[in-house]
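Below you'll find the structure, written out as structure tokens, and then a few comments.
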Amino acid sequence: MEFVNTFWALVPPLVAIGLALITKETYSALFIGIVVGALLLAGFNPIDTVDTLISGSYIPTGGTEEDALTTGLVPALAENAGIFIFLVMLGVFVALVNATGASAAFGRWAATHVKSRLGSQLATFVLGVLIFVDDYFNCLTVGSVMRPVTDAERLSRAKLSYLIDATAAPVCMIAPVSSWAAAVSGVAADVGVDGIQLFINAIPFNFYSLLTLVFVIVITVMGFDYGPMAKSELAAIREGKLGSLGNDTAVENSRAHLLDMIIPIGVLIVFCIVGMLYVGGFWDESAEGYMNVVLAFGNTDAFTALPWGAIIALVFAYVYMLVRRVVDFRQAMDCMVHGFNAMIPAMLILMFALTLKGMTSALGAGEFVSGLMEGSAAELYSMLPAIIFLVAWGLGFATGTSWGTFGILIPIVIPIFASAPDLQIIGISACLAGAVAGDHCSPISDTTIMASAGANCNHLEHVATQMPYVITVGSLSFVCFVIAGFVRNAPICLAIGVALTIITCLVLKKTIGEDTRGKKATN
């Protein structure tokens with residue numbers, strides 16, 4: 001097991017990412033990465049490799065049977081069953097809304113109120129910011145609601161998926177009431193720190209999340225794009241090539257009303273939030289003291305809560321649509337199959353990505369990277385937040401998980417800055433910001449996969465078009481963390497970051513930017 005806790009731990013995700021970018025094919029790239037991970041874990045023993053690949057059970061070097069880890073395909077499905085159930089139910093939910101003609105009705109209504117590409121993008125942005133409780137829920141809900149609106153304005157699915165992704169993890173990472181705040185506070189609490197308070201204190205220094213929101217607003221108002229995104233946008237404007245996967249055509253129905261979409265989705269949002277509070281113990285009378293909203297979100301399990309809310313909303317949607325007679329019983333039941341089929345690509349990618357994460361974690365990628373960081377901690381104290389940001393960015397990109405990244409780095413960062421509380425907050429912010437940046441551009445990130453599914457666009461196109469934007473904001477964030485390590489003042493550093501973002505966008509527009517404010521072309 002000489003491959004554990006060494007550079008070899010990073011090889012499986014790097015192989016998967018490299019193959020995905022070269023071949024433009026996700027499934028085989030992820031699977032090959034998983035096989036490489038299984039080979040390394042099993043010491044290239046063929047029988048053990050197959051066992052690790054499927055069941056994932058193996059014993060670490062020097063361990064006993066009680067130390068056996070599960071890292072294969074079956075454990076990935078079993079341990080994350082909640083999110084797969086949520087995906088299926090949401091797929092059925094969206095299929096039902098489409099089959100009734102409610103999506104088309106909402107699109108007709110939106111066309112009379114949102115009359116520009118600028119308006120459709122800002123509406124998507126605002127909705128993404130408002131749904132801040134969970135990134136999975138954000139990606140899929142915003143996508144299903146806004147697709148008719150953005151399609152009417154010929155916004156490419158690549159741009160829609162970027163808007164979804166940019167208001168998912170970045171927003172959740174600066175929202176005290178979210179599943180992400182719960183995860184961060186839980187990790188911090190394990191090392192003896194008030195997790196929620198630390199999370200709140202870190203928000204003003206979370207430059208990547210904050211500047212991503214500024215960047216989206218600026219490029220949207222300025223009306224330009226660059227890189228692969230500009231190509232996708234111009235194809236949508238001039239030729240009507242939106243980049244859809246082609247299985248979400250809205251059905252026309254004269255009986256359908258826009259409320260047939262708004263009411264079910266409103267119920268979905270309400271009950272998913274209620275589900276998170278319920279699972280978190282908000283109404284648990286046996287809990288000591290009073291459980292407030294923040295504590296309930298900090299104690300919740302999104303993988304249980306989201307299916308809890310989705311099943312109630314789905315039952316309501318079926319009853320509502322049948323009572324409204326916008327769909328008959330047979331058509332409603334057919335949506336079960338159609339919704340499941342629509343989610344198969346996203347579920348397959350997610351299953352492979354989660355398995356690869358398990359392999360990478362078992363190989364000790366986090367321990368290897370954290371060891372390198374600890375070795376350089378003493379000499380570059382004020383520069384350390386910027387270094388932490390780069391380390392977290394790289395680790396998040398390679399492993400495809402924000403939660404895994406800050407779960408590894410927070411216990412390291414907190415002790416490093418024990419004698420400097422102000423720098424400790426900046427260091428934690430750098431850890432969280434870098435984790436989001438890496439997750440935001442990783443082809444194997446579950447949030448990136450969910451954003452592609454929400455927009456119903458090709459996953460690798462979403463990654464390729466989003467990458468330059470992430471690198472732009474990430475580079476600006478790095479500069480801000482360099483400054484913050486010496487200035488240690490959030491308003492000043494953030495003001496500098498906002499100014500740099502605006503100046504950068506002006507330069508990009510004048511140099512490589514393409515005007516994407518154009519009127520819709522007519523066929």
Considering only residues that are open to solvent by less than 40 Å² (accessible area, probe 1.4 Å) and closer than 17 Å to Phe44 by Cα, look in the stretch 11-33 and name the one that is farthest from the chain's Cα centre (by Cα).
Val11
Please go through the stretch 436-460 and give me each residue that is part of a helix (DSSP H, G or I), farther than 16 Å from Leu155 by Cβ and in contact (Cβ under 8 Å) with a residue 60 or more places away in the chain, ordered by number.
Val436, Ala437, Asp439, His440, Asp446, Thr447, Thr448, Ile449, Met450, Ala453, His459, Leu460
Counting only residues that are open to solvent by less than 10 Å² (accessible area, probe 1.4 Å) and in a helix (DSSP H, G or I), which one in the stretch 122-134 is modelled with the lowest pLDDT?
Gly128
Enumeration of residues in the stretch 175-209 that are open to solvent by less than 10 Å² (accessible area, probe 1.4 Å), modelled with pLDDT of 80 or more and part of a helix (DSSP H, G or I)
Phe199, Ala202, Phe207, Tyr208, Ser209
Of the conditions (1) modelled with pLDDT of 80 or more; (2) hydroxyl-bearing (Ser, Thr, Tyr); (3) surrounded by fewer than 19 Cβ atoms within 10 Å (Cβ to Cβ), Thr52 clears all except one; give me its number.
(3)
State all residues of the stretch 480-493 that are open to solvent by 50 Å² or more (accessible area, probe 1.4 Å), touching a residue at least 40 places away in the same chain (Cβ under 8 Å) and not basic (Lys, Arg); if no residue qualifies, say none.
Phe486, Pro491
Single residue of Gly275, Gly266 found to be modelled with pLDDT of 75 or more and buried (at least 21 other Cβ atoms within 10 Å of the Cβ)
Gly275
Quick check on the stretch 92-106. Is at least one of its residues in a loop (DSSP other than H, G, I, E, B) and open to solvent by less than 10 Å² (accessible area, probe 1.4 Å)?
yes
Looking only at the stretch 151-174, and only at residues there that are over 11 Å from Gln121 (Cα atoms) and among the aliphatic types (A, V, I, L, M), the one that is modelled with the lowest pLDDT:
Ala152
Hey, could you check the stretch 253-263 for residues that are surrounded by 19 or more Cβ atoms within 10 Å (Cβ to Cβ) and not in a loop (DSSP other than H, G, I, E, B) and say which is nearest to the chain's Cα centre (by Cα)?
Met261
Take Gly91 and decide whether it is small (Gly, Ala, Ser) and modelled with pLDDT of 85 or more.
no
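Which residues, taken from the stretch 357-388, are over 28 Å from Leu423 (Cα atoms), modelled with pLDDT of 80 or more and out of contact with any strand residue (DSSP E or B) (no Cβ under 8 Å at 6 or more places or on another chain)? Before you say what the answer is, go through the steps one by one.
Step one: of the stretch 357-388, the residues over 28 Å from Leu423 (Cα atoms) are 357-363.
Right, trim to modelled with pLDDT of 80 or more and you get 359, 362-363.
Correct list: Met359, Leu363.
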With the requirement that a residue be out of contact with any helix residue (DSSP H, G or I) (no Cβ under 9 Å at 6 or more places or on another chain) and either modelled with pLDDT of 75 or more or buried (at least 17 other Cβ atoms within 10 Å of the Cβ) (or both), what does the stretch 283-332 give you?
Val315, Val319, Val323, Arg325, Arg330
Search the stretch 386-400 for residues that are free of Cβ contacts under 8 Å to residues at least 60 places away in the same chain and pair each with any residue that is of a type in the set (S, T, N, Q) and surrounded by fewer than 24 Cβ atoms within 10 Å (Cβ to Cβ) when their beta-carbon atoms are under 9 Å apart and the residues are at least 6 apart or on different chains.
Ile387/Ser376; Val391/Ser370; Leu395/Ser370
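The values are calculated or read from the model by the stated rules, or taken from the named source; none is laboratory data. Just so it is clear, the model here is predicted, and its values are computed rather than measured. Neighbour counts are summed over all protein chains in view; Cβ atoms, including those assigned to glycine, are modelled from backbone coordinates with ideal geometry. Note: areas computed on protein heavy atoms with side chains; ligands, DNA, RNA excluded. Shrake-Rupley method; radii C 1.70, N 1.55, O 1.52, S 1.80 Å.
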